[in-house]
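Asks: Here you go, one structure.
The values are calculated or read from the model by the stated rules, or taken from the named source; none is laboratory data. If you're wondering where the values come from, they're calculated on a predicted model, not measured in any experiment. All Cβ positions, even for glycine, are placed from backbone atoms using ideal geometry, and neighbour counts span all protein chains on display.
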Amino acid sequence: MAEAARPTRRSRMPLPMTGMIDCVFQLLIFFMLMPSYAAIEGYLTTNLPTDPGPRDLGGPPPDIQYVRIELHDQGPEGKGVRIVLNDRQVLGANFETLRAALEDLKRRGLASAFPVLIEPTRATRHRWVVRAMDAAVAARFEDIRFAVPYE
């Protein structure tokens, strides 16, 4: 029996590069157009006025009542805050207690559309204002307003 002739040299088949180049270019364009993968969550652009607004001159109280959250900066470099709810309930620096107090107000019949006024002092850090807003949102209040600091 005669042996089959073996090819002495292997023939190389060229690989199609078009698909690979197309895929590489699509990945390159994707990474150029999407530089950030983290979504900016809860980002609020604000442009608050700098004037202190009207002062209470001892007239009749306004028609609109608020759930009032005062934030007072405590300590150097904004490392602490004192929370006062409705001018009488001092909550310290605990935003979970603030959320629980707001939820308690809702359980006692306060509507979720009732306005919440967050009133920081001028020295209060923005992060404390945002945490107070987060506590009001967690308590399911819908109308959250911010007062201009006057100190």
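Asks: Identify the single condition in (1) surrounded by 13 or more Cβ atoms within 10 Å (Cβ to Cβ); (2) more than 23 Å from the chain's Cα centre (by Cα); (3) modelled with pLDDT under 65; (4) not β-branched (Val, Ile, Thr) that Pro54 does not satisfy, given that it satisfies every other one.
Replies: Failed condition: (1).
Asks: Is it the case that Val129 is hydrophobic (A, V, I, L, M, F, W, C) and within 15 Å of His72 (Cβ to Cβ)? Write out each step before concluding.
Replies: Values: hydrophobic (A, V, I, L, M, F, W, C): yes; within 15 Å of His72 (Cβ to Cβ): yes.
Yes; evaluated as a whole, the condition is true for this residue.
Asks: Scan the range 87-123 for residues that are part of a loop (DSSP other than H, G, I, E, B), within 20 Å of Gln74 (Cβ to Cβ) and in contact with a helix residue (DSSP H, G or I) (Cβ under 8 Å, 6 or more places away or on another chain) and report the count. Walk me through it before giving the result.
Replies: First pass over the range 87-123, keeping only residues part of a loop (DSSP other than H, G, I, E, B): 87-88, 93-94, 108-115, 121-123.
Checking the rest, the ones that are also within 20 Å of Gln74 (Cβ to Cβ) come to 87-88, 93-94, 121-123.
From the residues that got through so far, the ones that are in contact with a helix residue (DSSP H, G or I) (Cβ under 8 Å, 6 or more places away or on another chain) too are 123.
Looking only at that region, the number is 1.
Asks: Looking at the range 38-47, is at least one residue within 28 Å of the chain's Cα centre (by Cα), acidic (Asp, Glu), modelled with pLDDT of 65 or more and closer than 21 Å to Met133 by Cα?
Replies: Of the range 38-47, the ones within 28 Å of the chain's Cα centre (by Cα) are 38-47.
From what's left, acidic (Asp, Glu): 41.
In the following step, the residues that additionally are modelled with pLDDT of 65 or more were identified as none.
No, that holds for no residue.
Asks: Is there a residue being more than 18 Å from Glu70 (Cβ to Cβ), at pLDDT below 85 and out of contact with any Leu (no Cβ under 7 Å at 6 or more places or on another chain) anywhere in the range 125-132? Show your work before the answer.
Replies: Within the range 125-132, the subset more than 18 Å from Glu70 (Cβ to Cβ) is none.
For the range 125-132, residues more than 18 Å from Glu70 (Cβ to Cβ), at pLDDT below 85 and out of contact with any Leu (no Cβ under 7 Å at 6 or more places or on another chain): absent.
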